[in-house]
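Data block below; observations after.
The values are calculated or read from the model by the stated rules, or taken from the named source; none is laboratory data. In this text, all values refer to a predicted model and were calculated from it rather than measured experimentally. Please note: Cβ atoms are built from the backbone with ideal geometry, for glycine as well, and neighbour counts cover all protein chains shown. Note: areas computed on protein heavy atoms with side chains; ligands, DNA, RNA excluded. Shrake-Rupley method; radii C 1.70, N 1.55, O 1.52, S 1.80 Å.
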Amino acid sequence: MNDLLIKILSTLGAVFVLIASFGVFKMPDFYSRLSVTIKAATLGIGCILIAATIHFAEFSVTTKAIAIIFFLFITSPVAGFLISKVAYITGTKLWKDSIIDELENDPDSNCTNPALPKDKIKKE
Amino acid sequence: MTVEDYIAYIVMPIICLAIFFIMLRFIKGPQVVDRVVALDLLITVGVAFITLFSIIVNNPLFLDEAMILALIAFLSTVAFSFYIFKRKRDE
Amino acid sequence: MLQNFLLNILLTFVWVALTGQLGYTNFVFGYALGFFILWMVNKSVNASTEYFYRVPKIFAFILLFFYDLMKANYEVTKDVITPNYNMKPGIIKYEMEAKTDFEITMLANMIALTPGTVVVDLSKNKKFMYIHVMYLTNKEEFIERLSSRIERKLLEIIR
């Protein structure tokens with residue numbers, strides 16, 4: 001019973017990781033790559049760590065697995081936010097079929113960069 | 001088929017395929033930020049790899065390294081984005 | 001609120017020490033038992049009952065969040081596996097109700113963990129949030145769903 005559960009959970013986690021990596025390879029622009037990446041990988045690693053806790057069934061292993069899941073859930077959104085902000089500042093373009101960009105030339109935002117000429121940040 | 005065999009012969013190849021796709025993006029990536037995202041995902045997949053390896057060899061000590069890697073992935077992304085931001089500002 | 005929580009933790013540790021099994025299932029069972037005992041006691045004394053409404057709300061929010069995560073993950077997976085793209089990306093400006101830094105951080109974490117959405121920037125006066133959305137079929141509907149389903153429930157819990 002436990003063996004079957006471990007097999008199912010680890011396969012599910014590996015498939016989530018595979019979807020995330022294939023999304024990173026296939027998606028056409030930076031922002032959709034980023035949004036595919038963060039959670040599919042977090043979910044997959046959560047499944048694999050739960051499989052590890054079921055396999056070992058010790059108190060210390062469970063604590064370590066919970067710590068890893070907690071770190072990932074706290075840190076990966078912050079990292080994603082930082083890298084997307086830096087990407088917008090350095091002029092990464094949106095996808096060519098994007099329908100709206102309300103951040104562009106908005107006086108409220110922190111991303112307007114005086115060093116760049118204004119028409120360089122625009123989408124293709 | 002035991003759990004160790006199943007993970008070694010079926011789950012590990014899936015993870016290796018995932019690493020292959022991420023490496024393709026890492027080589028191809030048109031900008032630095034794409035490469036940073038690919039590197040972050042690569043380290044995160046490394047955590048999964050170490051966890052599966054610790055199940056195969058039946059030794060929970062390897063989970064410590066997985067925990068440290070999960071922290072270092074965040075730090076490397078923050079450092080890279082800070083560096084790219086500084087370089088852009090100084091231009 | 002805090003007093004009730006600390007009492008609950010104390011009852012949990014008493015339960016674990018009395019039964020002598022150091023395991024997570026025992027912790028969870030002791031916590032549930034302590035919660036039930038405190039709830040019964042508090043009904044008779046007629047004291048502050050805020051804690052007993054908040055804990056079920058937190059679990060309901062976690063369940064709702066995982067349901068949303070699964071649903072959005074399915075959409076993204078469909079788009080990744082099939083060869084053509086049916087996404088409509090865009091950056092929208094979203095007016096937050098969250099005021100303090102902690103509330104903004106939690107909201108940004110929740111938004112970033114939902115597939116298809118990424119927070120790109122905050123405005124200077126911390127009133128607006130710029131979100132990159134992958135499936136933006138209807139802007140008003142998306143903003144309405146985000147504010148009623150995620151933000152209001154999150155603020156109910158942490159305020």
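Here are some residues: A:Thr11, A:Thr37. Which one is among the β-branched types (Val, Ile, Thr), modelled with pLDDT of 90 or more, in a helix (DSSP H, G or I) and open to solvent by less than 40 Å² (accessible area, probe 1.4 Å)? Quick ask: steps written out before the conclusion?
Numbers: A:Thr37 fails: modelled with pLDDT of 90 or more.
Being among the β-branched types (Val, Ile, Thr), modelled with pLDDT of 90 or more, in a helix (DSSP H, G or I) and open to solvent by less than 40 Å² (accessible area, probe 1.4 Å) holds for just one of A:Thr11, A:Thr37, which is A:Thr11.
Is one or more of the residues making up segment B:11-21 surrounded by 15 or more Cβ atoms within 10 Å (Cβ to Cβ), more than 9 Å from chain A (Cβ to nearest Cβ) and of a type in the set (A, V, I, L, M, F, W, C)? No, segment B:11-21 has no match at all.
Here is the figure for segment C:80-103: residues that are touching a residue at least 12 places away in the same chain (Cβ under 8 Å), surrounded by 17 or more Cβ atoms within 10 Å (Cβ to Cβ) and not basic (Lys, Arg) total 9.
With B:Val47, B:Val33, B:Val78 as the choices, which residue is facing chain A (nearest Cβ under 7 Å) and either in contact (Cβ under 8 Å) with a residue 40 or more places away in the chain or hydroxyl-bearing (Ser, Thr, Tyr) (or both)? Show your work before the answer.
Working: B:Val47 fails: either in contact (Cβ under 8 Å) with a residue 40 or more places away in the chain or hydroxyl-bearing (Ser, Thr, Tyr) (or both); B:Val78 fails: either in contact (Cβ under 8 Å) with a residue 40 or more places away in the chain or hydroxyl-bearing (Ser, Thr, Tyr) (or both).
When all the criteria are applied, what remains is B:Val33.
Against the list (1) more than 10 Å from chain A (Cβ to nearest Cβ); (2) under 25 Å from A:Glu104 (Cα atoms); (3) surrounded by fewer than 18 Cβ atoms within 10 Å (Cβ to Cβ), the condition C:Leu107 fails is (3).
Name the residue, out of B:Leu24, B:Leu42, B:Leu69, B:Leu63, that is without any contact (Cβ under 8 Å) to a residue 24 or more places away in the chain and within 13 Å of the chain's Cα centre (by Cα). Step through it out loud before you land on a result.
Values: B:Leu24 fails: within 13 Å of the chain's Cα centre (by Cα); B:Leu69 fails: without any contact (Cβ under 8 Å) to a residue 24 or more places away in the chain; B:Leu63 fails: within 13 Å of the chain's Cα centre (by Cα).
Result: B:Leu42 is the single residue among B:Leu24, B:Leu42, B:Leu69, B:Leu63 that is without any contact (Cβ under 8 Å) to a residue 24 or more places away in the chain and within 13 Å of the chain's Cα centre (by Cα).
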